[in-house]
Amino acid sequence: MAVLEILIIGHPLLTKKAERVGKIDPELVRLARDMVETMRRAPGIGLAAPQVNVGKRLITVDLSVGENADELIILVNPEILRQEGEVVAEEGCLSVPDIREKVARPYRVLVKGLDLEGKEVEIEGEDMLARVLCHEIDHLEGKLFTDRLSPLKKTLIRKKIKKTGDAGLKL
Ligand SMILES: [Zn+2]
């Protein structure tokens with residue numbers, strides 16, 4: 001397994017819609033394993049393939065950050081089937097360093113996708129798990145959590161990121 005480089009806001013792939021996975025081949029399985037390793041090392045609780053420079057619909061989630069193998073979720077072509085409720089809570093992203101903002105997300109979601117054997121699976125997530133699943137699926141649509149903030153908040157974040165030195169960044 002390898003730790004991959006995580007793209008940072010401003011990279012064009014982060015704003016591009018990812019492609020559906022047609023075939024689960026050994027290359028995709030290796031990518032998923034590397035993403036799990038990358039997510040745990042970061043450390044993070046979720047990662048989407050576009051964040052490691054691959055425009056494919058693949059996400060990994062692990063609320064336990066490697067502590068509990070049962071909590072690892074790897075989903076190919078994930079889709080939200082149902083969602084209900086709303087929770088506003090602070091959120092961050094490995095691709096948007098040092099920024100945490102309050103974002104509204106559904107309280108509960110039902111997500112379907114394929115596991116690495118190509119078997120269809122459904123996952124029901126509440127609260128934090130629902131939030132992470134929505135956040136990662138947003139990445140596949142080329143959306144960052146900052147896209148869900150008000151224009152004023154986005155401007156403030158843009159200024160904050162500029163101050164850290166990278167003037168070429170766009171939100
Ligand atoms: Zn993210």
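The values are calculated or read from the model by the stated rules, or taken from the named source; none is laboratory data. These numbers come from a predicted model, not from an experiment. With ideal geometry, Cβ positions are generated from the backbone for all residues, glycine too; neighbour counts draw on all protein chains shown. Accessible surface areas use protein heavy atoms only, side chains included; no ligands, DNA or RNA. Shrake-Rupley method; radii C 1.70, N 1.55, O 1.52, S 1.80 Å.
Pairs meeting the criteria (first residue in the range 7-22 and open to solvent by 100 Å² or more (accessible area, probe 1.4 Å), second residue modelled with pLDDT under 95 and part of a loop (DSSP other than H, G, I, E, B), beta carbons under 7 Å, at least 6 apart or on different chains) are lacking. Pairs are defined by a Cβ separation below 7 Å, a sequence spacing of at least 6 or placement on different chains, a first member in the range 140-158 that is under 14 Å from Thr15 (Cβ atoms) and within 16 Å of the ligand (Cβ to nearest atom), and a second member that is open to solvent by 40 Å² or more (accessible area, probe 1.4 Å) and in a helix (DSSP H, G or I); the pairs so defined are Gly142/Thr15; Thr146/Lys154.
Could you say which residue among Arg131, Arg57, Arg100, Arg105 is within 16 Å of the ligand (Cβ to nearest atom) and free of Cβ contacts under 8 Å to residues at least 12 places away in the same chain?
Arg100
Filter the range 113-152 for residues that are touching a helix residue (DSSP H, G or I) at 6+ places or on another chain (Cβ under 7 Å) and in a loop (DSSP other than H, G, I, E, B); which is farthest from Cys93 (Cα to Cα)? Among those residues, the one meeting the criterion is Leu116. Just one of (1) surrounded by fewer than 17 Cβ atoms within 10 Å (Cβ to Cβ); (2) more than 16 Å from the ligand (Cβ to nearest atom); (3) modelled with pLDDT of 95 or more fails for Asn77. It is (1).
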